[in-house]
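> Have a look at this one.
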Amino acid sequence: MKASESPSFDHHEHVAKIDDPVSGLRAIIAVHNTKLGPAVGGCRMYPYATDAQALEDVLRLSRGMTYKSALAGLPMGGGKAVIIGDPAKDKSTALFHKMGEFIDSLNGVYVTAEDSGTCVDDLRLIAEQTNHVLGVNAEQEFGGDPSPLTAYGIFCGIRSAVNYKLHQDSLTGVTVAVQGAGAVGRYLIKLLIEAGADCVVCDINPQNLAKAEALGAKVVSVDEIMRVPADVFAPCAMGAILNDDTIPQLVATIVAGGANNQLARAEHGAQLQARGILYAPDFVINAGGIIEIYRQYKDLPMAECRSRIEGIGDTLHKIFERSDADGLTTAEVAEQIAEQRFKPSSGVSDAA
Ligand code: NAD
């Protein structure tokens, strides 16, 4: 299938594919938009059933990166790479070296980083063939893993949403239901509990669940998490979790979590709004990781990175206010603000 025929094609500037029988590398790089700077986004490795699925994913994810970086005020565009393969059995030095060559052939228009299915060791192999890679410096505070800073951004976003919706400055006594106790979920639980919140958690992985319980979270089943009496529901596992089935079950009046693509379809933003549930758009609240990637890219001090991440709370506050004023969903408002930044001709004023 040609990229432009995919339903997820959205004026992407460049889409490149490689099928190299020698190394076994099959991969696609999508550059969505470079108006604000080079297209930065992770390199995912996943055993896609078909090439069309891989294409769909890389087009959707690269577009999302454009919006995320624009909303975070970063001078970077949106891109993504996907390697078609099983991270458990298809990794090899030759494969990642070839991926490095593939990235290098784009001359810096696309800059890669870690993503699901790839790790710092894989990126180091890629970096042997190209300079256009971030997150390979072991001296970084978290060794290249952006999850702690993603969690910090979500924490700042939850504080902002609680302040806006519940008129409360402190998180003391606020209950947060966290779906998924992986890298992001666990750091988030730690920050929330330290701030005086009560956490309820679910996960399908018993080891991750035990670690979250040790931090002080109360465990519930996967089926219960959206129905527990909580103030905030924080999805930190998978996408499309806000849908026709789940929205009517939600007890929380705030949804603010790290998972990408939480709304199954755009109209689910309106369904949340109709139920009086305040939704912090995922691509705004989970930008801490890309802000950390930007810090590495520009070699900025960590203090500046943290202060930019804390700005996620202010950005959300402005989105909530404009959503209430204009009657648009919070996701629609956030998209408008991003588009005004990377498509100045859109005619929307930017106050965030
Ligand atoms: P992770 O793989 O470390 O953790 C995900 C956790 O969710 C795992 O413990 C898994 O067992 C659990 N899970 C899977 N299905 C579940 C289900 N049905 N119910 C409950 N738990 C379930 O991933 P992560 O790095 O923590 O990322 C979490 C989410 O945040 C993902 O959607 C990711 O795309 C998004 N995100 C992550 C970052 C980052 O910096 N890591 C940045 C932006 C967005």
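> Could you please let me know if residue 31 is out of contact with any Asp or Glu (no Cβ under 9 Å at 6 or more places or on another chain), of a type in the set (A, V, I, L, M) and crowded, with 16+ Cβ neighbours inside 10 Å?
no
> State whether the residues of the stretch 273-296 include one that is away from the ligand (no atom under 16 Å from the Cβ), in a helix (DSSP H, G or I) and within 26 Å of residue 188 (Cβ to Cβ).
yes
> Name the residues in the stretch 279-332 that are buried (at least 20 other Cβ atoms within 10 Å of the Cβ), of a type in the set (D, E, K, R) and modelled with pLDDT under 95, would you?
292, 295
> Any residue at all in the stretch 79-96 that is crowded, with 22+ Cβ neighbours inside 10 Å and in a loop (DSSP other than H, G, I, E, B)?
No, every residue in the stretch 79-96 fails to be crowded, with 22+ Cβ neighbours inside 10 Å and in a loop (DSSP other than H, G, I, E, B).
> Restricting the search to the stretch 213-246, which residues are near the ligand (Cβ under 9 Å from one of its atoms) and crowded, with 18+ Cβ neighbours inside 10 Å?
Across the stretch 213-246, the qualifying residues are 225, 235, 236, 237, 241.
> Oh, and also: Is it the case, given these coordinates, that residue 316 is touching a Pro at 6+ places or on another chain (Cβ under 9 Å) and in the same structural domain as residue 153 (by TED's automatic domain parsing)?
Against the criterion (touching a Pro at 6+ places or on another chain (Cβ under 9 Å) and in the same structural domain as residue 153 (by TED's automatic domain parsing)), residue 316 qualifies.
> Still on this structure: Taking the stated definitions as given, is residue 208 surrounded by 15 or more Cβ atoms within 10 Å (Cβ to Cβ) and modelled with pLDDT under 95?
It is false that residue 208 is surrounded by 15 or more Cβ atoms within 10 Å (Cβ to Cβ) and modelled with pLDDT under 95.
> Given the conditions (1) within 24 Å of residue 150 (Cβ to Cβ); (2) β-branched (Val, Ile, Thr); (3) surrounded by fewer than 22 Cβ atoms within 10 Å (Cβ to Cβ); (4) away from the ligand (no atom under 16 Å from the Cβ), which single one is not true for residue 120?
That leaves (4) as the condition not met.
> Is it fair to say residue 207 is out of contact with any Pro (no Cβ under 7 Å at 6 or more places or on another chain) and more than 21 Å from residue 150 (Cβ to Cβ)?
No; evaluated as a whole, the condition is false for this residue.
> For the stretch 307-324, enumerate the residues that are without any contact (Cβ under 8 Å) to a residue 60 or more places away in the chain and of a type in the set (S, T, N, Q).
307, 323
> Output the residues belonging to the stretch 1-25 that are within 26 Å of the chain's Cα centre (by Cα) and in a strand (DSSP E or B).
Those that are within 26 Å of the chain's Cα centre (by Cα) and in a strand (DSSP E or B): 14, 15, 16, 17, 18, 25.
Residue by residue, here is whether (1) closer than 30 Å to residue 40 by Cα; (2) assigned by TED's automatic domain parsing to the domain that holds residue 46; (3) within 12 Å of the ligand (Cβ to nearest atom); (4) touching a Leu at 6+ places or on another chain (Cβ under 6 Å) holds:
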{"residue": "160", "(1), (2), (3), (4)": "yes, no, no, yes"}
{"residue": "168", "(1), (2), (3), (4)": "no, no, no, no"}
{"residue": "185", "(1), (2), (3), (4)": "yes, no, yes, no"}
{"residue": "191", "(1), (2), (3), (4)": "yes, no, no, no"}
{"residue": "194", "(1), (2), (3), (4)": "no, no, no, no"}
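The values are calculated or read from the model by the stated rules, or taken from the named source; none is laboratory data. Note that the structure is predicted; figures quoted are calculated from it, not measured. Counting neighbours? That spans all protein chains shown, and the Cβs are built from the backbone with ideal geometry, glycine included.
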